[in-house]
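Participant: One structure coming up, written as structure tokens, with questions to follow.
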Amino acid sequence: MNEERPVRRSSKVKVAEFLAAVGEGNVFTKLQLFDGVPGVAQADRRMRDLRELGWRIDNYKTDPHLQPDEYRLSEIGTRIDLGEQPKESPRPRIPAVRRREALERAGFACQTCGMSAGEPYPDDEGQRAVLSVHFLDPTPPVDTELSNLRVECQRCNAGSQGSGRAVPVPDNVLTRAFGLSSREEKRRLYLLMKSGHRERDEVDLIFGDWLRLGRDDKVKVMLQLAGALIEED
């Protein structure tokens, strides 16, 4: 009698199984990943491969509240560990280098609303901005140049769904624009509309970098700045 041989699972399937056990919204470390899939070489690379199947895994570059060795499973994609097959062709992938360049160009802020990564929303301080990079035109063959990439927070990327904000009406936007008190304000607004993204001054850029520091470094920098302000007074 022939014995059935155990089905050999791929490294990517093993990593998917580990992540599914972690659960959406939860944080894990690189060490926990390697411990969770023993014998899998380059488990972190196999994890990145899952992004093509709809798995969304944030790191400290996209979520300043994470440490360099931490990840957050934000969304579970195709459950290849359960035998699911992608319903569509794999989504075009943005190279990591190009993704980093897009975030740096945007000043690590949403190019639509200007929210910095990790910044709490004014109307809901319990929710913080999480940035993602996507294609302006995903039509194959996809252009992966910076000109075809846009950085947005989860609210702007999802449109008005779940934002709790009313969809703006063109006439109201124009009325408010005409109501600006000076020609300089109207000109600045026009230039913003023309460029398609918010201009950020040095204070905004410094604050964005501060948000990306580690917890202890944030406190240290903030206290040193407070000391400088006291001395100036």
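Throughout, read-outs are computed from the coordinates displayed, never taken from laboratory work. These numbers were taken from a predicted model, which means no experiment stands behind them. Methodologically, a virtual Cβ is constructed for each residue, glycine included, from the backbone with ideal geometry; neighbour enumeration extends over all protein chains shown.
Participant: For the stretch 4-58, run through the GluC sites (Glu not before Pro) and keep only the ones in DSSP coil with at most 14 other Cβ atoms within 10 Å of their Cβ.
Facilitator: Passing sites in the stretch 4-58 are Glu4, Glu24.
Participant: Residue by residue through the stretch 183-193, what is 3J(HN,Hα) from phi via Karplus (6.51 cos²θ - 1.76 cosθ + 1.60, θ = phi - 60°)? Round to whole Hz and write x for glycine and proline.
Facilitator: 4, 5, 5, 5, 5, 4, 5, 4, 5, 5, 4
Participant: Now, a different point. Can you give me the distance in nm between label points at Arg45 and Glu145, each placed 7 Å from the Cα along the Cα-to-Cβ direction?
Facilitator: 3.0
Participant: Let me ask you something else. Report Rg/Rh for the stretch 41-121, rounded to two decimals, where Rg is the Cα radius of gyration and Rh the Kirkwood radius.
Facilitator: Taking Rh as the inverse mean 1/r over Cα pairs, Rg/Rh reads 1.00.
Participant: Say a paramagnetic label sat at a point 7 Å from the Cα of Arg105, along Cα to Cβ; which residues of the stretch 129-154 have their backbone N under 14 Å from it?
Facilitator: Residues 133-137, 143-152 qualify, since their backbone N sits under 14 Å from the label point.
Participant: Please report, in whole Å, how far the alpha carbons of the stretch 93-142 spread along each principal axis, starting with the longest.
Facilitator: Here the Cα extents, ordered largest to smallest, are 40, 20, 15 Å.
Participant: How charged is the neighbourhood of Pro120? Take every other residue with its Cβ under 14 Å from the Cβ of Pro120, and add Lys/Arg as +1 and Asp/Glu as -1.
Facilitator: Charge balance near Pro120 sits at -3.
Participant: Give me the distance in nm between label points sitting 7 Å out from Cα along the Cα-to-Cβ direction at Phe34 and Leu189, one decimal.
Facilitator: Each label point is offset 7 Å from its Cα along the Cβ direction, giving 5.5 nm.
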